[in-house]
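One structure is given here, and the rest of the page talks about it.
The values are calculated or read from the model by the stated rules, or taken from the named source; none is laboratory data. Quick caveat, the model's predicted, so the values are computed rather than measured. Positions of Cβ are backbone-derived with ideal geometry, glycine not excepted, and every protein chain shown enters the neighbour counts. These area figures cover heavy atoms from the full protein model, side chains too; ligands, DNA and RNA do not enter into them. Shrake-Rupley method; radii C 1.70, N 1.55, O 1.52, S 1.80 Å.
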Amino acid sequence: MVKILLIEDEPGIQESIQITLESEGFLLTIASTGSEGLNMVTADVSIVILDIGLPDLNGFEVLKLIRQKYQIPVIFLTARNSEIDKVLGLEIGADDYIVKPFSPRELLARIRAILRRTQNPVSSEQISNQKIRISLDKKLVYYNGNSLNLSPYEYKTMELFFKWPGRIFTREEIMDIVWTEPEDSFDRAVDTVIKNIRARFKELDPNFDPIETRRGQGYGLKETI
């Protein structure tokens, strides 16, 4: 049975998550403070769901302390829709984040996506699915064994998408995470990178497009490709 730890102080959110996850067969334990949650983190926990706005320690502090001992996947829950908070969370080791209010079913989908990755681990030197493989050491993307000629930003965008399949990133998030030189960023820079990635795949297969576009939201990797 998959064991999940929820560190969240709002009783209503605790209850809705508990009902959803236990109905799906997950074993859920709940902590209402960061300190209590840290005492409940053990090696047999599969995922930690962590609220940022806890009454004692904030979620960023809790995550840093978890990462000192464990590499358990962590999903942030946050009432703050700040791009800086989201990027900071990913940079210090969060695997995903959800902004309140959210649907428990959305959380369930994120949990299942993480479990698919962690229960089917790949080499630390590469990540792959049935058609696409990314060589992390060579920084190359392959489609059906053929290398794509990608620029550094195109490669980094594909790597980001592959680490969170099905996750939709806004243009601002992609730019904050991928772009290393501020002078290289400009309006529609992300759109240009996505267009180029699609073009590289179509050079090898005119009918193949791994990128999902959600109007008004952003881009990500299709979960089924």
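Observations
- Residues of region 187-225 satisfying the condition of being surrounded by 12 or more Cβ atoms within 10 Å (Cβ to Cβ) and in a loop (DSSP other than H, G, I, E, B): D205, F208, D209, P210, Q217, K222, E223, I225
Rundown of residues vs (1) over 20 Å from I17 (Cα atoms); (2) of a type outside the set (A, V, I, L, M); (3) over 21 Å from the mean Cα position of the chain (by Cα), yes/no style:
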residue	(1), (2), (3)
G34	no, yes, yes
L38	no, no, yes
I49	no, no, no
L57	yes, no, yes
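- Any hit, region 147-168, residues being in a strand (DSSP E or B), modelled with pLDDT of 90 or more, within 30 Å of I75 (Cβ to Cβ) and hydrophobic (A, V, I, L, M, F, W, C): no
- Qualifying positions in region 64-74 - open to solvent by 50 Å² or more (accessible area, probe 1.4 Å) and touching a residue at least 24 places away in the same chain (Cβ under 8 Å): K64, L65, K69, Y70
- Complete set of residues in region 27-48 that are buried (at least 19 other Cβ atoms within 10 Å of the Cβ) and touching a residue at least 60 places away in the same chain (Cβ under 8 Å): I47
- Residue that is modelled with the highest pLDDT, among those in region 169-183 that are among the aliphatic types (A, V, I, L, M) and open to solvent by 30 Å² or more (accessible area, probe 1.4 Å): M175
- When E61, E91, E125, E83 are screened for being open to solvent by 40 Å² or more (accessible area, probe 1.4 Å), of a type in the set (D, E), over 19 Å from L221 (Cα atoms) and at pLDDT 85 or above, only E61 passes.
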